[in-house]
Structure formats: C-alpha cells, structure tokens
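Everything below concerns the one structure shown next.
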Amino acid sequence: MQWSMLMLLLASDADSKPEITWLQLDWPPYQIVSGPYAGEGTNDLMSKELISRLPQFSHTVKLTNLQRMEQAFVQAQPGVCTMVGTLYSDKRAQNRLFSHAMMVGSTMTVAFIEPSLHQHPAMRADSVEFSTLAKDPELKGAFQPNRQYPMHIKHMVSSSDTNLIAHNFTSEVNAAALLSSGRVDYVLDYPDRLNYFNQLLPQPIKLQFKAIDGVDEFPQSYISCSKDAAGQRAIDAINAVLPELWQDEAYLSAMRRWLDDASWRYLARDVERLQQANATLKP
C-alpha cells in the first residue's frame with residue numbers, strides 16, 4: 001500500500017512539471033539517430049548535459065525533420081524547443097525565442113576530392129570564390145536545403161542560375177558518398193559533418209576543404225523555443241544553466257566530439273571568448 005501511494009505521488013509530481021518537447025533531427029554529426037554512432041552526435045551529448053540540469057521539467061524527445069521543425073514554430077506549437085543548435089536570424093526571431101549561445105562551430109566550406117578542382121579559376125591559395133564555382137555549368141554542387149546560410153552565399157543557394165543541387169543529408173544520404181561516386185563535384189557544408197560522413201564509407205576518400213571568400217566568422221548556435229509562456233519558461237531555465245555548462249569539461253568535450261585537433265585549435269580562441277562571456281551572463 002505504501003509503495004502504491006509513493007508511485008501515485010511520483011506520478012502526480014511528474015504530471016505537475018511543465019513539459020519541454022525537444023525536436024530532434026537526423027542531423028549527423030550533431031544529432032545521430034542511427035548507425036554505429038547513434039546518440040554520439042555533438043548536440044546529442046551536449047543536450048544530455050543540459051537536460052540533466054533541468055529536473056524541474058519533464059522532457060519529451062520528438063524525431064522530426066527540418067521542414068516540420070520550421071513548421072512547428074510558424075504554426076506556434078506550444079512548449080517546443082530545438083535540440084539541435086540553431087543559427088539566429090531576424091526572420092526566425094519572429095516566431096521563436098533564442099537562448100544564450102550554446103556552442104560555436106567551424107565555418108562553412110567547399111569540400112571536394114583532391115586534386116579534382118585545384119586548377120579551377122575559382123580556387124585561391126587558401127579559399128574559393130564561391131559565385132564563380134557555383135555558376136560553372138560544367139560542375140555539379142550539392143547543398144542542404146532549409147538551413148541558415150551566411151549572407152555572402154545565401155542568394156546563391158536560392159538561385160536557379162547555379163549548378164547547386166539540393167540534397168537532404170542524413171544517415172541514409174551520405175554527402176561524402178555523393179563525391180566518391182562522382183554524382184557531384186563539390187559539397188557545401190561544414191568540415192566536421194563531411195568528415196563524419198567520410199568515416200562511414202567502406203573506403204574513405206581524401207577530402208580537401210576550402211574556405212569561402214567573405215565567410216570567415218565562426219557561427220554561434222542557440223537553443224530556440226516556442227514564442228509563448230511555455231517557451232519563455234524553458235529559455236529562462238536554459239539561460240540559467242548555460243554559464244555553468246560553458247565551464248564544464250564534459251560539455252566542452254561534447255562540443256569537440258567530431259572535430260579533429262587542428263579544427264579545435266582553430267576554434268579555441270572563439271571558444272575561450274564565449275566561455276568568458278557566458279561566465280558573466282545572467283538569465
């Protein structure tokens with residue numbers, strides 16, 4: 001009898017907690033839902049650290065895709081938050097709330113199999129002039145639609161006057177495989193993401209990465225939640241724990257899960273700067 005009463009009290013306590021519905025994507029290497037590295041994505045691990053510090057909420061994880069995730073905010077579904085890091089834009093801020101910065105990532109690059117494009121007129125010593133590359137009718141490029149791109153190249157991915165082909169990269173659609181099979185000549189994406197896809201190939205290819213002229217900022221990403229009372233409660237609680245998370249070694253280790261040592265060293269200055277900034281933040 002006492003055990004039954006205890007279970008009823010616990011159930012009642014859980015029912016009384018406000019709920020956060022976390023929208024999870026199949027978005028490797030940030031969120032990995034299948035394959036040998038399932039659950040080991042950067043944001044999978046970082047979200048685990050975050051959620052463990054939010055016991056005042058009940059948590060539900062809902063697998064979705066980019067299009068449905070965007071619709072959830074446009075349609076004002078209550079109490080939903082993104083588990084994957086979200087880039088800020090004024091357009092997105094119209095229908096969702098943003099937390100303090102939750103991570104910093106590498107810059108977007110052009111990836112190809114060396115030495116296939118080294119002699120292309122768009123190539124510089126350490127970078128690529130992207131508009132020249134994307135308008136070459138002899139080439140095919142791949143990109144992920146429904147994401148926030150740097151302003152410098154945003155108009156290129158939405159233009160019909162380019163060689164870019166939209167692909168939804170997931171665990172089933174391997175971006176590196178598009179290169180190895182010769183279906184495309186280059187891929188527009190982040191190096192940690194391409195390196196992850198490359199590791200899944202039976203025979204990894206030798207990838208070359210080129211920075212894009214005019215795109216030199218390390219993107220900060222945020223947790224975004226519905227623009228309502230439930231979303232505001234979640235954002236307030238998230239902002240309260242982010243400063244301590246930025247000082248936690250497990251959180252930083254999760255952030256660098258799929259970055260090689262060179263990429264992490266490249267990011268180190270921005271990571272340290274955000275550590276210091278978050279240490280002084282108040283919710």
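Annotation note: Cβ proximity below 8 Å between a residue of the stretch 232-243 that is touching a residue at least 40 places away in the same chain (Cβ under 8 Å) and a residue that is part of a helix (DSSP H, G or I) and crowded, with 20+ Cβ neighbours inside 10 Å (sequence gap 6+ or interchain) occurs for Ile238/Leu50; Val241/Leu50; Leu242/Leu50. Only one of (1) assigned by TED's automatic domain parsing to the domain that holds Val84; (2) in contact (Cβ under 8 Å) with a residue 24 or more places away in the chain fails for Arg269. Which number is that? Unmet condition: (2).
Which one is surrounded by the fewest Cβ atoms within 10 Å (Cβ to Cβ) among residues in the stretch 180-198 that are touching a helix residue (DSSP H, G or I) at 6+ places or on another chain (Cβ under 9 Å) and of a type in the set (S, T, N, Q)? Talk me through it step by step, then tell me what you get.
Taking the stretch 180-198 and keeping what is touching a helix residue (DSSP H, G or I) at 6+ places or on another chain (Cβ under 9 Å), we get 180, 183-189, 191-198.
Now drop any that are not of a type in the set (S, T, N, Q), which leaves 180, 195, 198.
Working: Ser180: 17, Asn195: 19, Asn198: 20.
By that ranking, first place goes to Ser180.
Restricting the stretch 137-166 to residues that are modelled with pLDDT under 85 and among the polar types (S, T, N, Q), the residue that is surrounded by the most Cβ atoms within 10 Å (Cβ to Cβ) is Gln148.
The values are calculated or read from the model by the stated rules, or taken from the named source; none is laboratory data. If you're wondering where the values come from, they're calculated on a predicted model, not measured in any experiment. When we count neighbours, we look across all protein chains shown, and the Cβ atoms used for this are built from the backbone with ideal geometry, even at glycine.
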